[in-house]
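*Asks:* Provided herewith is a single structure, encoded as structure tokens, for subsequent inquiry.
The values are calculated or read from the model by the stated rules, or taken from the named source; none is laboratory data. Just so you know, these numbers come straight off a predicted model, no measurement behind them. Positions of Cβ are backbone-derived with ideal geometry, glycine not excepted, and every protein chain shown enters the neighbour counts. Each accessible area value is taken on the protein alone, full model and side chains, heavy atoms only, with ligands, DNA and RNA left out. Shrake-Rupley method; radii C 1.70, N 1.55, O 1.52, S 1.80 Å.
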Amino acid sequence: MNIIEKQALKFLLKHTQPEHQQEMERFAVTHWTEYRAGKIDFKQVKQLAKQARPMLKPESVADITEFAKKWAQRLDLK
């Protein structure tokens, strides 16, 4: 993982329910690796993110969604 991915993971885990943090870390690292390797596209990443939503703190869903939208635009991901 590069430094940006590590910071994003730290942010994500901050907003994850304590009992799901290990599961979320494995989930995120696995799917980031698949995305970087070209095994999945950004559309599939968005679907996976919806699957991970129950692991987040309920009050954090809006923050994470805004974060993801902002970075998708900055990185020109479609």
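*Asks:* Tell me, which residue of segment 15-39 that is closer than 18 Å to residue 65 by Cβ and part of a loop (DSSP other than H, G, I, E, B) is most open to solvent (accessible area, probe 1.4 Å)?
*Replies:* The extreme case among them is 17.
*Asks:* Continuing with the same structure: Somewhere in segment 2-14, is a residue outside any strand (DSSP E or B), in contact (Cβ under 8 Å) with a residue 60 or more places away in the chain and not acidic (Asp, Glu)? Break it down stepwise before answering.
*Replies:* Of all residues in segment 2-14, those outside any strand (DSSP E or B) come to 2-14.
Those left that are additionally in contact (Cβ under 8 Å) with a residue 60 or more places away in the chain: 8.
Pick out the ones that are also not acidic (Asp, Glu) and you get 8.
Scanning segment 2-14, I find at least one residue that is outside any strand (DSSP E or B), in contact (Cβ under 8 Å) with a residue 60 or more places away in the chain and not acidic (Asp, Glu), so the answer is yes.
*Asks:* Can you pull out every residue in segment 1-14 that is of a type in the set (A, V, I, L, M, F, W, C), more than 21 Å from residue 73 (Cβ to Cβ) and open to solvent by 70 Å² or more (accessible area, probe 1.4 Å)?
*Replies:* 1
*Asks:* Filter segment 53-78 down to the residues that are over 15 Å from residue 8 (Cα atoms) and surrounded by 14 or more Cβ atoms within 10 Å (Cβ to Cβ), then identify the one that is modelled with the lowest pLDDT.
*Replies:* Residue satisfying both the conditions and the ranking: 77.
*Asks:* A further question on this structure: State yes or no: is residue 49 touching a residue at least 60 places away in the same chain (Cβ under 8 Å) and either open to solvent by less than 80 Å² (accessible area, probe 1.4 Å) or over 12 Å from the mean Cα position of the chain (by Cα) (or both)?
*Replies:* Spelling it out, it is not the case that residue 49 is touching a residue at least 60 places away in the same chain (Cβ under 8 Å) and either open to solvent by less than 80 Å² (accessible area, probe 1.4 Å) or over 12 Å from the mean Cα position of the chain (by Cα) (or both).
*Asks:* What pairs can you find where one residue is in segment 60-76 and without any contact (Cβ under 8 Å) to a residue 12 or more places away in the chain, the other is open to solvent by 50 Å² or more (accessible area, probe 1.4 Å), and their Cβ atoms are less than 8 Å apart, with a gap of 6+ or different chains?
*Replies:* Matching pairs, first to second residue: 61/53.
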